[in-house]
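The values are calculated or read from the model by the stated rules, or taken from the named source; none is laboratory data. Predicted, not measured: the structure shown is a model, and the values here were computed from it. Glycine also receives a Cβ, built like all others from the backbone with ideal geometry; neighbour counts cover every protein chain displayed. These accessible areas exclude ligands, DNA and RNA; they are computed on the full protein's heavy atoms, side chains included. Shrake-Rupley method; radii C 1.70, N 1.55, O 1.52, S 1.80 Å.
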Amino acid sequence: MKLDIEFVRSQFPAFGEPELQGQAFFENAGGSYTCGAVIDRLTRFYTQRKVQPYAPYAASTVGGQEMDEARTRMSALLGVEPDELSFGPSTSQNVYVLAQAFGQLLEPGEAIVVTNQDHEANTGPWRRLAERGIEIREWKIDPETGHLDPAALEDLLDEKVRLVCFPHCSNVVGEVNPVTEITALAHAAGAFVCVDGVSYAPHGFVDVGALGADIYMFSAYKTYGPHQGLMVVRRALATLLPNQGHYFNEGSLYKRFTPAGPDHAQVAACAGMADYIDAVYAHHGGGTADAAGRGVVVHDLMRDHETVLLQQLLDAVKSRNSVRLIGSSRAQGRAPTVALALNRAGESVARELAEKGIMAGGGDFYAIRALQAMGVDAEKGVLRLSFTHYTNQAELDQLLNALDDVL
């Protein structure tokens with residue numbers, strides 16, 4: 001079964017916007033288009049429910065119910081319990097709050113493992129805990145390929161390590177890390193695992209319960225939704241970590257890591273992401289799978305479609321003398337996030353591509369440590385070409401033709 005790309009694109013109003021016609025979007029790693037179901041829910045909330053939720057009058061009651069629906073349906077899609085899912089203003093903010101909680105929990109001399117493959121949001125807050133006496137150990141990437149070797153992690157693990165933080169997928173390397181294998185290694189050493197799923201989730205929601213991670217987080221605005229950070233903290237860890245919310249909310253698991261009040265409308269609109277997954281599932285034959293099972297089916301449809309297009313892009317750039325492809329040249333095992341180190345600034349090439357109707361990005365993308373570890377000039381940065389399952393063959397052809405001109 002193949003992804004019906006025309007049906008998929010019909011679910012995204014951006015493809016019908018006159019101002020976007022003729023432009024191919026290849027900076028999805030920075031934020032995706034928003035699906036119609038999310039836009040509809042957000043508009044309805046702001047026009048019909050924009051009151052304090054959970055009060056006894058109708059608009060307020062329904063507003064609270066829609067917020068609860070988002071938590072219930074998204075947690076089911078992710079294979080976890082509703083109160084294990086927190087909504088925050090961004091993933092960066094969620095990581096920061098978690099780091100404060102771990103900073104209170106851990107004793108000086110205990111250790112956290114971080115990587116230099118990460119986006120800064122999932123490494124900087126942990127590294128700053130060194131100021132509290134926490135030992136920070138760096139799991140280093142291969143300087144040629146950007147690969148994170150699980151064997152190298154084993155050398156860092158001992159009884160002092162309490163937490164291992166790593167990305168499901170780097171936002172510049174693109175390689176998909178083996179979360180289940182890494183989690184098993186960390187758990188065997190007595191450590192918890194925190195997975196940054198921001199760069200992977202746009203390519204299909206995962207069953208977090210099946211992965212085994214203690215923490216899994218991603219950004220809704222990169223998964224066709226509103227600007228929210230979604231964070232799963234499994235119960236065993238969530239009850240162990242010190243409360244970071246209001247003292248009177250300590251007994252509510254999902255409120256322990258949200259110091260500020262939720263954005264009511266955007267939380268409610270997140271249910272639209274589940275609407276979208278269900279619509280794609282139903283259109284492609286449906287069945288009787290539960291929410292997590294539907295998510296897995298749609299995930300595989302998305303990834304199969306992306307992989308076909310991705311291999312074409314990788315083949316087109318891997319042998320160019322003026323281009324260094326960051327990461328593997330094989331589409332299998334990597335996401336469609338392709339960073340190219342050039343002999344000039346990535347941002348300047350992105351500007352040239354924009355003149356040819358290609359929306360792409362250039363810079364360091366907050367992955368400065370990874371780029372420097374691979375010998376890439378952080379001042380020049382990279383050209384990043386990223387797409388997701390709604391990208392079609394015509395757009396990829398437009399990109400390849402534009403690259404021929406500018407490279």
Residue count, the range 369-407 (criterion: open to solvent by 40 Å² or more (accessible area, probe 1.4 Å), modelled with pLDDT of 95 or more and more than 16 Å from P143 (Cα to Cα)): 8
Selection from the range 316-341 of residues out of contact with any strand residue (DSSP E or B) (no Cβ under 6 Å at 6 or more places or on another chain) and in contact (Cβ under 8 Å) with a residue 40 or more places away in the chain yields A316, R320, S322, P336
Being charged (D, E, K, R), modelled with pLDDT of 95 or more, part of a strand (DSSP E or B) and out of contact with any Leu (no Cβ under 8 Å at 6 or more places or on another chain), is that true of even one residue in the range 174-188? no
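Rundown of residues vs (1) more than 21 Å from A282 (Cβ to Cβ); (2) polar (S, T, N, Q); (3) within 23 Å of the chain's Cα centre (by Cα), yes/no style:
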| residue | (1), (2), (3) |
| --- | --- |
| M1 | no, no, no |
| P13 | no, no, yes |
| N28 | yes, yes, yes |
| T34 | no, yes, yes |
| G64 | yes, no, no |
| D68 | yes, no, yes |
Does the range 306-338 hold any residues that are touching an Asp or Glu at 6+ places or on another chain (Cβ under 7 Å), buried (at least 17 other Cβ atoms within 10 Å of the Cβ) and in a loop (DSSP other than H, G, I, E, B), and which are they? G327, S328, P336
Need the failing condition index for G286 against (1) touching a residue at least 40 places away in the same chain (Cβ under 8 Å); (2) closer than 19 Å to G79 by Cα, just the number. (1)
Verdict on T72 being free of Cβ contacts under 8 Å to residues at least 12 places away in the same chain, under 25 Å from the mean Cα position of the chain (by Cα), in the same structural domain as G197 (by the TED database) and farther than 30 Å from L399 by Cβ: yes
Can you give me the number of residues within the range 104-148 that are basic (K, R) and either outside the structural domain of V195 (by the TED database) or touching a residue at least 40 places away in the same chain (Cβ under 8 Å) (or both)? 1
For M374, work out the one condition from (1) touching a residue at least 60 places away in the same chain (Cβ under 8 Å); (2) of a type outside the set (G, A, S); (3) under 25 Å from N392 (Cα atoms) it doesn't fulfil. (3)
Residue tally, condition without any contact (Cβ under 8 Å) to a residue 40 or more places away in the chain and of a type in the set (D, E), over the range 1-41: 3
Residues to consider are A260, A274, A279; find the one that is in a helix (DSSP H, G or I) and surrounded by fewer than 22 Cβ atoms within 10 Å (Cβ to Cβ). A279
Name the residues in the range 1-15 that are outside any helix (DSSP H, G or I) and surrounded by 15 or more Cβ atoms within 10 Å (Cβ to Cβ), would you? L3, Q11, F12
If I ask for residues that are open to solvent by 10 Å² or more (accessible area, probe 1.4 Å) and out of contact with any helix residue (DSSP H, G or I) (no Cβ under 6 Å at 6 or more places or on another chain), which ones from the range 207-233 would you list? G209, A210, Y221
By residue number, the members of the range 339-351 that are open to solvent by 60 Å² or more (accessible area, probe 1.4 Å) and within 28 Å of T145 (Cβ to Cβ) are N343, R344, E347
Close pairs (9 angstrom Cβ cut-off, 6 or more residues apart or separate chains): without any contact (Cβ under 8 Å) to a residue 60 or more places away in the chain in the range 304-315, surrounded by fewer than 20 Cβ atoms within 10 Å (Cβ to Cβ) and hydroxyl-bearing (S, T, Y) anywhere: Q311/S329; L314/S328; L314/S329; D315/S329
Residues (open to solvent by less than 60 Å² (accessible area, probe 1.4 Å) and under 19 Å from L310 (Cα atoms)) located in the range 16-32: A24, F25, F26, E27, N28, A29, G30, G31, S32
Sole miss for V62 among (1) more than 15 Å from V232 (Cα to Cα); (2) touching a residue at least 24 places away in the same chain (Cβ under 8 Å) is condition (2)
G245 passes all but one of (1) more than 19 Å from R73 (Cβ to Cβ); (2) in contact with a strand residue (DSSP E or B) (Cβ under 8 Å, 6 or more places away or on another chain); which number fails? (2)
Considering only the range 45-164, give the helices (runs of 4 or more DSSP H) lying wholly within it that have at least 3 residues that are open to solvent by less than 30 Å² (accessible area, probe 1.4 Å) and either modelled with pLDDT of 95 or more or among the charged types (D, E, K, R) (or both). 58-77, 91-105, 124-127
